[in-house]
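Asks: The following block contains the structure, expressed as structure tokens.
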Amino acid sequence: MTEVKTADKRLPVVLMDAGGTFNKRYDPVEGSLCVQAGSQAARAILASAMANLDLHWSQPVCKDSLEMTDDDRDQVVHAVDSLDGRWTNAPVVLLHGTDTMAETAAWLDRARPDRLVVLTGSMRPFEIDPVEPALNLGLALGFVQGRNSSGVYLAMSGLVRPLGELEKDRGNGCFRPK
């Protein structure tokens, strides 16, 4: 029987984590939900698929998106620019809070229109409801593996659309087409 090696056939993907609700965990000392570093939610979601993924993990910023500044967005762009080797042209999936996701997407689109970048996140923390974050991350990873052109996209609520074509519907707790 011949051993099948999948490493050569896996698409390199950069998974950047900027924080957001996706990574919030309950802090019993503070009595509140706090953004946690280390991409633990994404790592838990992807644990069963790691043999099929060639991921480069990065966390240029770790905060709630309402606290994101232009300097933070510059750090994300710098993290993309600093990729080398096989990651230089790899698609990027960026975990991001939903409140300012579109602003960071527009920032990346202006700075790096030549890259394939998909921003995703969740309306509810993985720790509280793992279904939505898992769906959104899986959707984003599947999209970048099936696409070979550049552009900035949002992957939320079962949809992947180019920048500017999805908006947050706070009343219904999801993203909808514009």
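The values are calculated or read from the model by the stated rules, or taken from the named source; none is laboratory data. Computed from a predicted structure; not experimentally measured. We place every Cβ from the backbone using ideal geometry, glycine too, and count neighbours over all the protein chains shown.
Asks: Name the single residue, out of those in region 83-106 being more than 11 Å from the chain's Cα centre (by Cα), among the hydroxyl-bearing types (S, T, Y) and at pLDDT 95 or above, that is nearest to M16 (Cα to Cα).
Replies: Filtering region 83-106 for residues that are more than 11 Å from the chain's Cα centre (by Cα), among the hydroxyl-bearing types (S, T, Y) and at pLDDT 95 or above, the one nearest to M16 (Cα to Cα) comes out as T104.
Asks: Let me ask another. For the subset of region 129-150 comprising residues that are farther than 18 Å from L166 by Cβ and touching a residue at least 60 places away in the same chain (Cβ under 8 Å), which member is surrounded by the most Cβ atoms within 10 Å (Cβ to Cβ)?
Replies: Among those residues, the one meeting the criterion is A134.
Asks: Still on this structure: Give the residues of region 149-178 that are at negative phi and in contact with a Pro (Cβ under 9 Å, 6 or more places away or on another chain), sorted by residue number.
Replies: S150, V152, Y153, L154, L159, R161, E165, L166, E167
Asks: Tally up the residues in region 159-172 that are more than 12 Å from V118 (Cα to Cα) and either touching a helix residue (DSSP H, G or I) at 6+ places or on another chain (Cβ under 7 Å) or surrounded by 12 or more Cβ atoms within 10 Å (Cβ to Cβ) (or both), please.
Replies: Final tally of qualifying residues: 6.
Asks: Are there any pairs with C-beta distances below 9 angstrom linking a residue in region 39-56 that is within 14 Å of L11 (Cβ to Cβ) to a residue that is surrounded by 14 or more Cβ atoms within 10 Å (Cβ to Cβ) and among the β-branched types (V, I, T), with the two at least 6 apart or on different chains, and if so which?
Replies: Correct list of pairs: L53/V13; D54/V13; L55/V13; L55/V14; L55/V93; H56/V13; H56/V14.
Asks: Looking only at region 100-137, count how many residues are assigned to a loop (DSSP other than H, G, I, E, B) and closer than 18 Å to R25 by Cβ.
Replies: Going through region 100-137 one residue at a time, the tally reaches 10.
Asks: May I pose another question? For region 152-162, state whether one or more residues are of a type in the set (S, T, Y), part of a strand (DSSP E or B), in contact with a His (Cβ under 8 Å, 6 or more places away or on another chain) and under 29 Å from K9 (Cα atoms).
Replies: Among the residues of region 152-162, not one is of a type in the set (S, T, Y), part of a strand (DSSP E or B), in contact with a His (Cβ under 8 Å, 6 or more places away or on another chain) and under 29 Å from K9 (Cα atoms), which makes the answer no.
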